[in-house]
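Q: After the structure tokens below, expect a handful of questions from me.
The values are calculated or read from the model by the stated rules, or taken from the named source; none is laboratory data. Note that the coordinates shown come from a computational prediction; the quantities given were computed from them, not determined experimentally. Remember, those area values only see protein heavy atoms, side chains included, never the ligands or the DNA or RNA. Shrake-Rupley method; radii C 1.70, N 1.55, O 1.52, S 1.80 Å.
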Amino acid sequence: MLLFLDLKIEVRFIREGENDELNITISILKGLLKYKTTIPFIDFLNNGRNIITANIYKKAKVSNTNAIEDEKEEKEFNYDEIKIIIKKGHYYYKKYCEVLHYIHKRITINKVLWKTNIGLEDAADTAIISGILWGIKSNLMTLLKRKLRPQRIYIDVVPCYVSKKFGVIFDCIVTLKIGYIIIAGIKLLSTKIKGGENIE
């Protein structure tokens, strides 16, 4: 039965004013078991060391009860490390493209919500930018429909003509059966054993 259970992953990004927050929630059994990571994304503290600092908050729940105490972890990345991360990401994408293709064919996108509030000092500029954002979002969602066939899509652009404003809410929920995750893990391990982990 475990193999047929759905694992639900929700990625929610919110920007309001100067605050950015990324929440990643993983749950099974309709939320009975839940793990959540919160990243105030990103606290830029460029204090002469060219470092980006992000505080990551982690929480695990069984039903509505905390399974572990809230955990806070501070991560620091300089720009060279970010370049290395991007390079590694490109390498692993090429190396494990077969595994990613397997996941792509079996993952279900339940919901995509993307709402933007935009306001500039000039009403005409606000209207133009709002139109451009609508065009970008529509094209991206059309591509997403063609590639991944999400069940529900909601996009919106809300112009604010009386004040300068920028806010974003992006919420995406996907599900994947645990059995498929196990098979993908076996494929990943097999590829790793065959090809090694050398990065130029």
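Q: LEU33's amide H: which non-local residues (gap 5+, or another chain) put their own amide H closer than 5 Å, with H modeled 1.01 Å from N in plane and none for Pro or chain starts?
A: When sequence neighbours closer than 5 places are left aside, the close amide H contacts are ILE28, SER63.
Q: If I compute solvent accessible area with a 1.4 Å probe over the protein chains, what percent of it on the stretch 103-200 is carbon and sulfur?
A: 61
Q: Return the sequence-ordered ³J(HN,Hα) values of the stretch 83-97 in whole Hz as given by the Karplus equation 6.51 cos²θ - 1.76 cosθ + 1.60 applied to θ = phi - 60°, using x for Gly and Pro.
A: Working through the residues one at a time gives 4, 5, 4, 5, 5, 5, x, 5, 4, 5, 4, 5, 5, 10, 4 Hz.
Q: So, one more: Can you tell me, using C-alpha contacts under 8 Å and at least 6 residues apart, the relative contact order of the stretch 121-172 as a whole percent?
A: Reported relative contact order: 58 percent.
Q: Would you pull out the residues with amide H under 5 Å of LEU120's amide H, same chain only if 5 or more places away, H placed 1.01 Å from N?
A: THR126, CYS160, LYS165
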